[in-house]
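A quick write-up on the structure given underneath.
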Amino acid sequence: MTRTERIVVLLCLTLAAIFAWEALLELADGLSTPVATQGWAPDGDRQTYIDAASRWLAGGGFYLDRQLHGPYEIAFHDILYPPPALLLFVPFTVLPGALWYAIPLGIIVGVVAYHRPRPIAWPIIAAAIWWPPVLIHLVSGNPVIWAAAGLALGTIWPGASVLAVFKPSLFPFGLLGARHRSWWMALAALVVLSALFLPMWPDYLRVVMDSRNPRGIIYSWEEVPLMLVPVVASALRMRRATAIARTSSRRVADPSDSD
């Protein structure tokens with residue numbers, strides 16, 4: 001097992017332990033169902049954000065009124081995305097709902113196929129997809145599928161990984177391409193687009209600062225496995241193994257490498 005493989009496997013095992021611990025804590029607190037499964041419905045998340053975009057287009061607020069008057073407990077239908085997310089939500093007020101799923105999932109599948117992950121990667125990818133909260137997010141159309149698609153593209157074109165910050169609570173994934181110039185150019189473009197929504201940012205900051213969730217900082221950890229799918233596929237890709245093998249073969253064949 002290579003160093004990269006060991007790091008990825010260790011990371012996945014660590015996250016699995018964290019998720020298992022979270023589930024045990026929920027059971028210890030006497031929750032009849034996991035927090036992640038409460039209040040969800042098929043296509044429910046997609047519809048929530050499309051409704052919010054329609055409300056905004058009609059002259060109403062993007063965020064719910066209950067979110068703008070002091071501390072509140074996060075509930076289903078609350079809007080927690082930054083204003084630029086409207087650039088995604090608004091077009092889908094007229095586009096077919098099927099495209100909401102087909103585009104990001106198609107990107108993720110296509111990128112994984114492009115990387116041709118090694119056999120050791122497939123059990124990790126399968127476990128990530130079959131993690132119950134991930135399945136719920138997929139079925140409900142949670143916007144995290146778009147963040148994962150942006151990250152997937154970023155494993156091929158580094159600048160695209162900036163799109164992962166579409167889900168602010170998962171922003172560390174958006175930093176994966178930061179050592180490339182294209183990433184900084186994409187970030188600059190994102191800042192310019194964000195400025196278009198400048199009047200809405202105070203409301204967003206108020207919504208975030210006043211929100212309350214019993215899980216605190218691990219609120220979005222249940223979405224991490226989906227984000228790991230393209231990362232694992234890229235880190236354990238067959239293409240890298242082939243390139244290393246070819247390099248090793250050339251070194252063996254080159255007599256100048258020997259004394």
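The values are calculated or read from the model by the stated rules, or taken from the named source; none is laboratory data. Since the structure is predicted, the reported quantities are computational estimates derived from the model, not experimental observations. Using ideal geometry, Cβ is built from the backbone for each residue, glycine included, and neighbour counts are taken over all protein chains shown.
Residue-wise test of (1) at pLDDT below 90; (2) closer than 24 Å to Phe166 by Cβ; (3) of a type outside the set (Ser, Thr, Tyr); (4) touching a His at 6+ places or on another chain (Cβ under 7 Å).
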| position | (1), (2), (3), (4) |
| --- | --- |
| Glu5 | yes, no, yes, no |
| Val9 | yes, no, yes, no |
| Thr14 | yes, no, no, no |
| Gly30 | yes, no, yes, no |
| Leu57 | no, yes, yes, no |
| Tyr81 | no, yes, no, no |
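With the requirement that a residue be within 15 Å of the chain's Cα centre (by Cα) and outside any helix (DSSP H, G or I), what does the stretch 174-192 give you?
Residues satisfying the conditions are Leu176, Gly177.
Residue by residue through the stretch 186-217, note down the ones that are of a type outside the set (Gly, Ala, Ser), surrounded by 13 or more Cβ atoms within 10 Å (Cβ to Cβ) and over 27 Å from Leu64 (Cβ atoms).
Leu187, the sole residue that qualifies.
Across the stretch 59-79, what is the total count of residues that are modelled with pLDDT under 90 and in contact with a Gly (Cβ under 8 Å, 6 or more places away or on another chain)?
Count: 2.
For residues in the stretch 160-173 being modelled with pLDDT of 85 or more and under 16 Å from Ala188 (Cβ atoms), which is farthest from the chain's Cα centre (by Cα)?
By that ranking, first place goes to Ala160.
Working carefully through the options Val144, Val90, find the one that is surrounded by fewer than 18 Cβ atoms within 10 Å (Cβ to Cβ) and of a type in the set (Val, Ile, Thr).
Exactly one residue qualifies, and that residue is Val90.
In the stretch 117-136, what residues are in a loop (DSSP other than H, G, I, E, B) and surrounded by 15 or more Cβ atoms within 10 Å (Cβ to Cβ)?
Hits for the stretch 117-136 are Arg118, Trp131.
Just to be sure I understand the filter: pairs with C-beta atoms under 7 Å, separated by 6 or more residues or on different chains, first member in the stretch 60-81 and basic (Lys, Arg), second member surrounded by 12 or more Cβ atoms within 10 Å (Cβ to Cβ) and not in a loop (DSSP other than H, G, I, E, B). Which pairs pass?
As it stands, the answer is Arg66/Tyr72, since those pairs meet every condition given.
Please go through (1) within 21 Å of Ala189 (Cβ to Cβ); (2) part of a helix (DSSP H, G or I) for Tyr81 and return the number of the only condition it doesn't satisfy.
Exception for Tyr81: condition (2).
Write out, first by first residue and then by second, each pair whose Cβ atoms fall under 8 Å of each other, whose residues are 6+ apart or on separate chains, and whose first residue, in the stretch 84-99, is closer than 14 Å to Phe62 by Cβ while the second is at pLDDT 95 or above and surrounded by fewer than 16 Cβ atoms within 10 Å (Cβ to Cβ).
Final answer for the pair search is Val90/Leu57; Thr93/Ser54; Thr93/Leu57.
For the stretch 69-87, enumerate the residues that are of a type in the set (Ser, Thr, Tyr) and either surrounded by fewer than 19 Cβ atoms within 10 Å (Cβ to Cβ) or in contact with a Ser or Thr (Cβ under 8 Å, 6 or more places away or on another chain) (or both).
Tyr72
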